[in-house]
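Below you'll find the structure, written out as structure tokens, and then a few comments.
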Amino acid sequence: TIYQNPVDGDEGTAPGTAFAYGGSQWQLAGGVAEIVGGASWRQLWDQYIGEPCDLEVFQYGNNLFSATGWTGNPDDLIGLDNPNMEGGAISNLDDYGKILSMHLNDGSCGDNKVMSQASVEFMRIDRGTPVGGPGYGMGWWIQPAAEGEEAYLYTDSGFYAAMSWIDVSRDYAGYVQFEDYTGASSATGFLVSELIPLIEEALDAVQ
């Protein structure tokens, strides 16, 4: 259905010529991966990411819009057969740290190569900038750099006031989670404008 029906307002728009943000493209990509990989998304994730990165909890379900009804127990996660690709993953801090480290280590989880360096860098290419906002790659928001400098800070905001980021210049990553299940608040503005600059200042002071 997603493949056969154009997104409202995007009819006739050539790829790469306009910015449009939404979740349908991730769902389509997951379906393509299942067809090409010959297995379910859950099986493919475990084979190519979960097991090589030694993840204990990280998996995809479909509880995005019923977060208050979830017990927090991975065994109670719904939607395993048809996961929400945009926002259906659950994790603990240890697993999330391994994923972020993989992005900083050119696609490697320890000694296991799970993505090519080219693929990791491909995700950080700016593919469109909404009016007044940062650039956007594949899953990463690209924070504007100072004039004459290259972008180094890539962020990923969660619906329920969470945000992860990687700093490719200082070679570190971070993750902050606020306990808010309304979806009404955003951590991005505060973290980018106040918290992250403090971390950068502290790291630069000891180098």
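Worth a mention:
- Neighbours by Cβ (under 8 Å, 6+ apart or cross-chain): first from region 40-54, more than 17 Å from L80 (Cβ to Cβ) and open to solvent by less than 100 Å² (accessible area, probe 1.4 Å); second among the aliphatic types (A, V, I, L, M) and not in a helix (DSSP H, G or I): P52/V114; C53/V114
- Residue among V32, V57 that alone is in a helix (DSSP H, G or I), open to solvent by 30 Å² or more (accessible area, probe 1.4 Å) and among the aliphatic types (A, V, I, L, M): V32
- Tallying residues that are modelled with pLDDT under 90, surrounded by 12 or more Cβ atoms within 10 Å (Cβ to Cβ) and farther than 21 Å from L93 by Cβ within region 145-162 yields 1.
- Residue among S66, S101, S91 that alone is of a type in the set (S, T, N, Q) and in contact with a Phe, Trp or Tyr (Cβ under 9 Å, 6 or more places away or on another chain): S91
- Filtering region 11-19 for residues that are surrounded by 10 or more Cβ atoms within 10 Å (Cβ to Cβ), more than 28 Å from F58 (Cα to Cα) and in contact (Cβ under 8 Å) with a residue 60 or more places away in the chain leaves a non-empty set.
- When F122 is tested against (1) under 15 Å from the mean Cα position of the chain (by Cα); (2) within 28 Å of N63 (Cα to Cα); (3) aromatic (F, W, Y), exactly one condition is not met: (2).
- Yes/no for D167 being touching a residue at least 24 places away in the same chain (Cβ under 8 Å), out of contact with any Phe, Trp or Tyr (no Cβ under 8 Å at 6 or more places or on another chain) and either open to solvent by 60 Å² or more (accessible area, probe 1.4 Å) or among the charged types (D, E, K, R) (or both): no
- Tallying residues that are under 21 Å from E34 (Cα atoms) and open to solvent by 40 Å² or more (accessible area, probe 1.4 Å) within region 61-85 yields 5.
- Sub-7 Å Cβ pairs linking a first residue in region 61-81 that is at negative phi to a second residue that is open to solvent by 70 Å² or more (accessible area, probe 1.4 Å) and assigned to a helix (DSSP H, G or I), at least 6 apart or interchain, are W70/D76; L80/R42, ordered by first then second residue.
The values are calculated or read from the model by the stated rules, or taken from the named source; none is laboratory data. Predicted model only: the values in this text are computed from it and were never measured. So basically every Cβ, Gly included, is an ideal-geometry build from the backbone, and we count neighbours across all protein chains shown. For accessibility, only protein heavy atoms count, side chains too; no ligands or nucleic acids. Shrake-Rupley method; radii C 1.70, N 1.55, O 1.52, S 1.80 Å.
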